[in-house]
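The values are calculated or read from the model by the stated rules, or taken from the named source; none is laboratory data. Nothing here was measured: the structure is a model prediction, and the numbers come from that model. So basically every Cβ, Gly included, is an ideal-geometry build from the backbone, and we count neighbours across all protein chains shown. Calculation scope for accessible area: heavy atoms of the full protein, side chains included, ligands and nucleic acids excluded. Shrake-Rupley method; radii C 1.70, N 1.55, O 1.52, S 1.80 Å.
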Amino acid sequence: MDTFFKSVSQIFEGAAKAFKTFPSAIVSALLFTIVALIRIQMDWPEQEAYNFLFNCLHFSLALGSIFGLTSTSWSKARFEERKANLYAILSTALLVIITFLLLYFLGGIDPSSTGYRIERLSDISISRVTVFSFISFLLFIVILGKKYPKLNFSRAFFVTHKAFFIALLYGLVILAGASGVAGAIQALLYNNMSEKVYMYIASLSGFTAFAIFVGYFPDTKESFYDEKIDMAKKQPKFIEVLLEFIMIPIFLALTVVLVLWAIRTLVFSADIEFVRLYSISSSYVLWGLWLWILLNESSSKLGSFYKKVYPFAAMFILAFKGWALFLQLSEQSLKTTEYAFILILILSAISSVLLILKEAEGLNKIAVLACVLSLVSILPIAGYHSLPVRFQVNRLERLLTTENILQGDTLVPSDLEPERKVRENITDAVNFLSYSQSRELPIWFDEDLGNSSTFEEKLGFEQTWPERDSYSGRYMGLNLFLPSGAMDIRDYDFIVGFQDRTGSSKVSLEGDRGIYEISWTTAPRGIPVIEISLNNQTILKEDMNPYIDEITERYPPSEASSPIATLDDMSYRFETDDIEVLVIFSSVDIGIYSGSEEINYWLILDNIYIREKR
């Protein structure tokens with residue numbers, strides 16, 4: 001019991017000393033928490049005007065919290081403690097201020113182009129902050145392993161994991177315990193306690209967990225440094241068992257599967273969807289590299305076998321993935337998925353060579369390479385947001401010019417419908433560019449070209465998606481949303497809305513011919529049914545199957561199908577001798593596991609309009 005309490009006390013002592021050991025990181029995290037508490041205190045209507053400001057502050061301070069670890073470690077490896085802390089604080093403060101100013105003045109998206117009421121951060125701005133945080137953290141591990149005694153990259157990598165999970169465990173326990181106490185107070189003593197109390201507890205628990213995480217890393221100036229490092233780098237027995245007897249067999253089995261697939265592809269020319277191939281192979285090489293680093297200190301036979309096999313297996317598999325990438329680029333040119341695959345391919349290929357030639361000595365170079373590739377991915381010209389857009393613009397220009405649709409800087413609707421494959425490629429390129437948020441689109445590209453009606457008006461044919469048969473054996477979907485627009489409803493007498501738009505609801509109203517009762521019933525993942533009775537006599541009972549048949553014929557579900565819908569797409573009419581009914585949906589989601597009988601429908605009702613026939 002004394003050992004347990006001693007261990008717990010050391011954890012919290014480390015958290016307290018984190019304020020002294022890594023002051024710039026802790027101050028940034030503290031300011032991050034204060035901003036969070038202010039946001040919690042402000043109700044949404046009041047907070048709305050400041051939401052963009054708070055987001056900029058949060059992202060800037062989050063980067064400062066991570067960069068503070070790197071700057072402090074680098075400074076303490078070169079200067080005495082007081083000067084090191086001063087350099088770390090000044091550099092972190094400067095980075096936070098510059099990041100905030102860049103986000104606030106250059107990182108937003110004009111609300112008029114997004115449909116939001118307020119300005120928000122662009123995806124590329126968020127990605128850049130995320131990448132810089134990743135680079136900072138990876139360099140922190142490199143510095144720990146290279147500059148501090150008794151550590152190397154793999155040991156520092158493990159210490160970071162250990163610190164994270166210990167901090168996560170303590171943070172969750174603190175959150176659960178404090179929330180339990182607050183719940184007891186609310187239930188027994190003060191029933192009107194605000195729900196914001198739990199948000200305050202969550203924010204403070206998160207800050208405490210971060211302090212515990214930071215406090216786990218020892219200060220090189222402390223006399224017990226050697227002892228603490230020895231304790232931190234030691235792998236617990238259950239971790240050794242997890243890595244050796246669970247993780248290694250899993251990865252070796254996956255290696256066999258991928259090698260057999262590569263051989264099958266070579267012999268039988270088997271085909272596989274590129275996105276699925278990208279997901280599997282990327283997960284294998286990245287998680288495989290992660291496991292190799294954690295096993296670097298392992299002396300077991302199985303661990304040694306894995307470390308020898310993995311680099312060669314990765315290179316063998318990557319050769320076939322590279323060929324699949326070449327075929328994909330030839331067919332659809334460069335898009336975001338292919339761009340990410342290229343970066344992972346470069347990282348994996350060079351990493352495998354370094355692991356074969358230099359083994360553990362190459363880990364620092366692999367980390368630096370990962371930083372460089374991450375930086376490249378967010379650069380203005382070569383980044384994931386820019387380079388694929390230019391490739392897709394070139395692809396679309398080539399397709400439209402060949403079909404004589406693009407003449408100079410003008411789109412001329414086609415008199416003859418192009419071949420189906422050409423229509424599919426044009427639809428694919430247009431939708432990619434429509435959702436790219438890019439400012440580099442050509443002047444002839446209408447900002448609403450992704451809209452199905454605008455697409456047909458400008459190009460002369462409907463959007464065309466790959467046929468369902470080509471998607472057998474995987475998940476397909478269709479996602480439609482009610483667009484902004486106006487509709488003439490002057491001929492309708494009543495508008496009916498339901499509080500529960502996804503379950504079962506009933507509404508009664510009085511018309512010229514009597515009492516109408518409107519029922520909207522939706523089974524979980526099922527087909528909605530509308531039933532209308534007049535004076536207790538059913539005059540309409542229909543399900544939405546006809547609408548689903550119509551909309552899926554117009555927009556066949558596919559791997560990534562989110563076309564821009566029109567008002568007509570999101571509405572359906574019923575008519576009887578007594579009434580005319582217009583049903584409008586706010587969103588339509590259909591999920592299909594092709595090759596099986598599992599189909600899920602989520603049709604969210606907006607309103608129902610009814611006209612009495614007199």
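Of the numbered criteria (1) hydrophobic (A, V, I, L, M, F, W, C); (2) surrounded by 16 or more Cβ atoms within 10 Å (Cβ to Cβ); (3) closer than 28 Å to LEU295 by Cα, the one PHE164 fails is (2). Considering the conditions (1) touching a helix residue (DSSP H, G or I) at 6+ places or on another chain (Cβ under 7 Å); (2) farther than 30 Å from ARG398 by Cα; (3) open to solvent by 30 Å² or more (accessible area, probe 1.4 Å); (4) assigned to a helix (DSSP H, G or I), PHE305 is excluded by exactly one of them, (1). Looking across LEU86, LEU102, one residue alone is open to solvent by 20 Å² or more (accessible area, probe 1.4 Å), part of a helix (DSSP H, G or I) and closer than 30 Å to GLU119 by Cβ. It is LEU102.
Taking the criterion of being assigned to a loop (DSSP other than H, G, I, E, B) and either at pLDDT below 80 or in contact with a strand residue (DSSP E or B) (Cβ under 6 Å, 6 or more places away or on another chain) (or both), would at least one residue in the range 423-435 satisfy it? Checked against the condition, which is being assigned to a loop (DSSP other than H, G, I, E, B) and either at pLDDT below 80 or in contact with a strand residue (DSSP E or B) (Cβ under 6 Å, 6 or more places away or on another chain) (or both), the range 423-435 yields no hits at all. When the range 532-562 is filtered for residues that are part of a strand (DSSP E or B) and open to solvent by 60 Å² or more (accessible area, probe 1.4 Å), the ones remaining, listed by number, are GLN537, THR538, LYS541, GLU542.
For the range 321-337, the criterion of being open to solvent by less than 40 Å² (accessible area, probe 1.4 Å), farther than 16 Å from VAL275 by Cβ, more than 22 Å from the chain's Cα centre (by Cα) and at pLDDT below 95 is satisfied by at least one residue. Restricting attention to the range 392-447, the residues that are open to solvent by 80 Å² or more (accessible area, probe 1.4 Å) and touching a helix residue (DSSP H, G or I) at 6+ places or on another chain (Cβ under 9 Å) add up to 6. The residue list ILE346, ILE317 contains one member that is within 23 Å of the chain's Cα centre (by Cα) and either of a type in the set (Gly, Ala, Ser) or under 19 Å from LEU277 (Cα atoms) (or both), which is ILE346. Selection of first residues in the range 449-477 that are assigned to a strand (DSSP E or B) and open to solvent by less than 70 Å² (accessible area, probe 1.4 Å) and of second residues that are among the small types (Gly, Ala, Ser) and at pLDDT 80 or above, restricted to Cβ pairs under 9 Å at least 6 apart or on distinct chains, gives the following pairs, ordered by first then second residue: ASN451/SER434; ASN451/ALA565; MET476/GLY591; GLY477/GLY591. Regarding ALA360, is this residue open to solvent by less than 50 Å² (accessible area, probe 1.4 Å), modelled with pLDDT under 90, farther than 18 Å from LEU459 by Cβ and assigned to a helix (DSSP H, G or I)? Yes, satisfied. The set of residues in the range 177-199 that are exposed (fewer than 12 other Cβ atoms within 10 Å of the Cβ) and either hydrophobic (A, V, I, L, M, F, W, C) or in a helix (DSSP H, G or I) (or both) comprises GLY180, VAL181, ALA184, ALA187, LEU188, LEU189.
One line per residue, one yes/no per condition, for (1) small (Gly, Ala, Ser); (2) within 19 Å of ILE26 (Cα to Cα); (3) modelled with pLDDT of 90 or more:
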| position | (1), (2), (3) |
| --- | --- |
| PHE164 | no, yes, yes |
| LEU172 | no, no, yes |
| GLY183 | yes, no, yes |
| GLN186 | no, no, yes |
| VAL197 | no, no, yes |
| ILE212 | no, yes, yes |
| TYR216 | no, yes, no |
| THR220 | no, yes, no |
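Contact map, the range 542-557: first residue among the acidic types (Asp, Glu), second residue part of a strand (DSSP E or B) and surrounded by fewer than 16 Cβ atoms within 10 Å (Cβ to Cβ), Cβ cut-off under 8 Å, separation 6 or more or different chains; the map is empty. Please determine whether any residue of the range 272-288 is closer than 27 Å to GLN332 by Cα, modelled with pLDDT of 85 or more and of a type in the set (A, V, I, L, M). Yes.
Within the bounds of the range 252-266, is there any residue that is polar (S, T, N, Q), open to solvent by 20 Å² or more (accessible area, probe 1.4 Å) and at pLDDT below 85? Yes: the range 252-266 contains one or more residues that are polar (S, T, N, Q), open to solvent by 20 Å² or more (accessible area, probe 1.4 Å) and at pLDDT below 85.
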